[in-house]
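Inspection log for the structure reproduced underneath, given as structure tokens.
The values are calculated or read from the model by the stated rules, or taken from the named source; none is laboratory data. Since the model is a prediction, treat every value here as computed from it, not as a measurement. Here the Cβ positions follow ideal geometry from the backbone for every residue, glycine too, while neighbour counts run over all protein chains shown.
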Amino acid sequence: MMQPVPYTNLRAAEEKKDRIAQMRRKRLNKAPNAWCVAITADLFWGAGPWLAGVCAVAVGLWRLHDTVDGAPETFTQFNSPVAISAISTFSAFLLVSRIQKNLDSNRNIIDQFGRLAGSAVNIALWVKSQMVSTKTSAVLMSLPDGNGATYMANKIGLTLASVPYVVKYVGRGVDIKPEGLPIGQDRQLVERYHDFTASSMFGSSGGMAPFTAIVLMIGEQIDEVQKGEKPAEYAALFAQLNAVTGAEGTIGAVSAYAAPYIMTALLYALVVLYLLLVLVSDLIPNNGGNSIWIAAVMAFCTIVFFQISERYANPMALRSKRSGQAPLISQMCVATEKAILAVFSRPNPHQELKIQEPADVAKAASTAFQMRFF
């Protein structure tokens with residue numbers, strides 16, 4: 001009779017290693033976007049509550065108008081075309097302004113995310129062209145790819161590839177598990193990340209923000225790679241690192257911005273007041289039961305569009321499988337990881353024998369690398 005294999009620390013480590021490799025496979029092989037489900041969800045969450053509420057109020061007011069004595073005369077007292085026109089005009093202006101702001105936010109975040117991803121790849125290209133393969137951060141490692149094979153990567157490549165994912169998850173507002181990032185396949189990188197993000201030993205303050213921690217890790221690795229090399233040739237690297245942090249700052253500011261709460265409350269109040277006045281003064285007295293579906297159409301053409309635009313104001317918050325928009329953020333994360341790891345996956349085909357002139361730092365800093373996905 002065969003004895004079961006004892007559960008040892010080595011076996012546990014192998015299982016963890018395989019589990020992290022499977023996370024990599026899932027990360028790089030996203031399921032297709034379910035367009036129908038996404039659009040249905042947009043309509044359900046954006047239109048559903050408003051349509052249900054408007055129809056319920058219309059039914060109640062209609063029954064009140066037809067069954068209560070004196071109700072028709074009372075309804076006519078609310079007929080004020082000047083007031084309704086003023087409320088309609090101003091609420092329409094506010095709705096259009098907010099919808100435009102949400103769409104601009106969506107576009108700006110995607111644009112800045114592309115710049116961030118491009119700068120990360122640019123850093124990888126510069127490091128690849130200047131690095132010495134014997135240094136710790138540049139040594140290639142054979143790692144499981146989750147498909148039964150292996151791939152080659154190094155520490156700085158794994159760290160750079162993690163940058164877009166960190167920005168995406170921070171923008172989504174979820175906790176970051178480093179094991180699910182590219183750095184998760186290197187124990188030392190995970191430990192270093194935890195060192196930076198852990199609370200202080202006295203518990204008086206929290207640790208670094210995830211993005212700050214990952215950028216500091218990149219800075220340490222660049223410092224390690226450049227030891228013994230020409231400092232001038234690495235100044236452009238930090239210029240691109242500045243581009244990464246600048247793009248992240250813009251993304252964070254755009255995604256975190258919220259209009260004053262009083263303005264949002266007044267917007268909803270104006271729309272509700274307008275719909276109520278139209279129902280009481282015009283639709284129900286003149287259209288009876290037909291006012292129910294007419295009011296629903298009016299709500300759909302006004303406030304529902306705003307609710308849907310609110311859902312897409314932050315594209316980082318959308319899941320790649322349930323997005324009514326092309327999941328560009330997730331696509332850029334995957335494309336950046338593949339590009340960076342491809343840069344470092346093979347050793348340089350030749351070694352430079354002549355001394356190269358220092359890079360023009362000012363020119364390199366002003367020219368950003370922009371990735372293209374189409």
Among the residues of segment 32-41 satisfying the criterion of being of a type outside the set (S, T, N, Q) and not in a helix (DSSP H, G or I), which is surrounded by the most Cβ atoms within 10 Å (Cβ to Cβ)?
-> Ala34
Phe90 being among the aromatic types (Phe, Trp, Tyr), surrounded by fewer than 16 Cβ atoms within 10 Å (Cβ to Cβ) and touching a residue at least 60 places away in the same chain (Cβ under 8 Å) = yes
Can you work out which of the residues in segment 316-348 that are under 25 Å from Leu103 (Cβ atoms) and of a type in the set (Lys, Arg) is surrounded by the most Cβ atoms within 10 Å (Cβ to Cβ)?
-> Arg322
Hey, can you tell me all the residues within segment 1-31 that are of a type in the set (S, T, N, Q), assigned to a helix (DSSP H, G or I) and at pLDDT 85 or above?
-> Gln22
Within segment 296-343, work out how many residues are among the basic types (Lys, Arg) and either modelled with pLDDT of 90 or more or under 30 Å from Val139 (Cβ atoms) (or both).
-> 1
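Looking at segment 67-76, is at least one residue touching a residue at least 24 places away in the same chain (Cβ under 8 Å) and either among the aliphatic types (A, V, I, L, M) or touching an Asp or Glu at 6+ places or on another chain (Cβ under 6 Å) (or both)?
No, because not a single residue in segment 67-76 is touching a residue at least 24 places away in the same chain (Cβ under 8 Å) and either among the aliphatic types (A, V, I, L, M) or touching an Asp or Glu at 6+ places or on another chain (Cβ under 6 Å) (or both).
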So which of Ile183, Ile123, Ile176, Ile156 ends up being surrounded by fewer than 23 Cβ atoms within 10 Å (Cβ to Cβ) and either among the hydrophobic types (A, V, I, L, M, F, W, C) or closer than 20 Å to Gln331 by Cα (or both)?
-> Ile176
Residues in segment 352-374: is at least one among the aliphatic types (A, V, I, L, M), modelled with pLDDT of 85 or more, within 28 Å of the chain's Cα centre (by Cα) and surrounded by 17 or more Cβ atoms within 10 Å (Cβ to Cβ)?
-> no
Can you tell me which residues in segment 159-173 are at pLDDT below 90 and crowded, with 24+ Cβ neighbours inside 10 Å?
-> none
Complete set of residues in segment 138-157 that are under 17 Å from Asp223 (Cβ atoms) and not charged (D, E, K, R) | Ala138, Val139, Asn154, Ile156, Gly157
Picked from segment 182-206 (must be of a type in the set (Gly, Ala, Ser) and part of a loop (DSSP other than H, G, I, E, B)), the residue modelled with the highest pLDDT is Ala198
Being of a type in the set (Val, Ile, Thr) and under 19 Å from Ala265 (Cα atoms) is the filter here, so list the residues in segment 298-342 that pass it.
-> Thr302, Ile303, Val304, Ile308
Hits in segment 296-350 (condition: more than 15 Å from the chain's Cα centre (by Cα), within 22 Å of Trp50 (Cβ to Cβ) and not polar (S, T, N, Q)) | Ala296, Val297, Met298, Ala299, Phe300, Cys301, Ile303, Val304, Phe305, Phe306, Ile308
